[in-house]
Amino acid sequence: MPKRKQLPALTPRAREVVNLVVNTVELGSHDYDAEVGALAKLLDTTPARLLTILRKLEEQGWLTVESDFVYPTVEALQWQNPHLRDHEARKVLRSLS
């Protein structure tokens, strides 16, 4: 099995954000709950403050932000589910588009 990309450690708040985004994918509520404004509301913060965290997580390889929607990366999906193979994670992400 190929070696997986190692992501930097998460702060407690960053862990909360990543878990929430990955869970929206797993629970099938991504279309409703993964928009920046909806995430900010769920996290009891402002969209501007959340965007600061999201940019850092994007730089670290945890998440991507496209058109105000937040998507986990393949590595983030595999972080939560270590048994998920690369091609399975990519398939999950393609289904969100």
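Laboratory data are not the source of any read-out in this text; all were calculated from the coordinates shown. Every value quoted in this text rests on a predicted model; they were computed, and no experiment measured them. Backbone-built Cβ (ideal geometry, glycine too); neighbour counts: all protein chains shown.
Calculate how steeply helix 86-96 sits against the longest principal axis of the alpha-carbon atoms of the chain, using the helix alpha-carbon long axis, and give the answer as 0 to 90 degrees to the nearest 10. For helix 86-96, the angle is close to 40 degrees. For the pair Thr11 and Asn23, label points projected 7 Å from Cα toward Cβ lie 2.0 nm apart. Leaving out same-chain residues fewer than 8 places away, which aspartates and glutamates sit with a Cα under 20 Å from that of Lys5? Excluding near neighbours in sequence, the set is Glu58, Glu59, Glu75, Asp86, Glu88. Averaging sequence separations of C-alpha pairs under 8 Å and six or more residues apart, then dividing by the length of the chain, give the relative contact order as a whole percent. Reported relative contact order: 26 percent. Phi-derived couplings, Karplus 6.51 cos²θ - 1.76 cosθ + 1.60 at θ = phi - 60°, listed residue by residue for segment 30-37: 4, 4, 9, 9, 9, 7, 3, x Hz, with x used for Gly and Pro. Computed 3J(HN,Hα) for segment 12-25, one whole-Hz value per residue from the Karplus formula 6.51 cos²θ - 1.76 cosθ + 1.60 where θ = phi - 60°, is x, 5, 5, 4, 4, 5, 4, 4, 5, 5, 5, 5, 5, 5, glycine and proline marked x. Taken over segment 12-96, the alpha-carbon convex hull comes to 85 cubic angstrom per residue. Going by neighbour counts of Cβ atoms within 10 Å, the residues Val65, Val74 line up, fewest first, as Val65, Val74.
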